[in-house]
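In what follows, a structure is listed as structure tokens, so that the remarks can point back to it.
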Amino acid sequence: MALSPFRGFYDMQSEMNRMFDEALGGLARRGGRRELDETARWAPALDVLHEDGDIVVRAELPGVKLEDVDITVHNGVLTISGERRAEEQREGSGYYVRERRYGSFRRSMTLPQGVDESKINARFDGGVLEVRVAGAAAVQEPKRIQIEGGQEGSSNGTSESS
């Protein structure tokens with residue numbers, strides 16, 4: 001069975017927190033009571049696909065400014081992080097419902113071995129960040145290693161002739 005290059009894509013603690021929050025309506029972190037002014041953590045929705053031998057990561061970042069996004073690669077781990085800032089409330093206005101989430105986010109994925117980090121590029125357009133890792137989706141077959149040694153009952157490989 002081939003190992004997926006997307007193992008470790010999610011920060012496990014953040015992902016578990018997100019799943020509990022979604023399942024419990026955010027009650028887990030609030031101790032059972034709703035606080036209207038609490039800034040909830042969020043994580044952008046991602047698509048990870050292979051396209052022409054490249055890995056392409058697309059992150060939905062509506063309302064996030066380009067200068068508030070950071071992409072790093074360290075020890076084979078690609079990390080997209082940043083912050084979506086809440087809009088300033090004007091005097092005389094208030095919320096009836098506030099469902100949009102604000103605050104910092106961080107998503108990480110382990111890249112396949114042998115990725116050339118200089119061949120990673122990104123673009124941000126229309127609230128969607130696209131990170132392309134060139135050549136990372138190329139199929140890499142396992143290398144078979146030849147075993148040296150003799151077999152029981154076989155000759156040593158040399159023949160003597162008289």
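For segment 85-152, the square roots a ≥ b ≥ c of the C-alpha gyration tensor eigenvalues yield an a/c of 1.5 or more together with a/b exceeding b/c, which makes the shape prolate. In sequence order, segment 102-110 has phi-based couplings of 10, x, 7, 9, 7, 10, 10, 8, 7 Hz under the Karplus curve 6.51 cos²θ - 1.76 cosθ + 1.60, θ = phi - 60°, and Gly or Pro positions carry x.
None of the figures in this text is laboratory data; all of them are computed from the coordinates on show. Remember, predicted model here, so these are calculated numbers, not experimental data.
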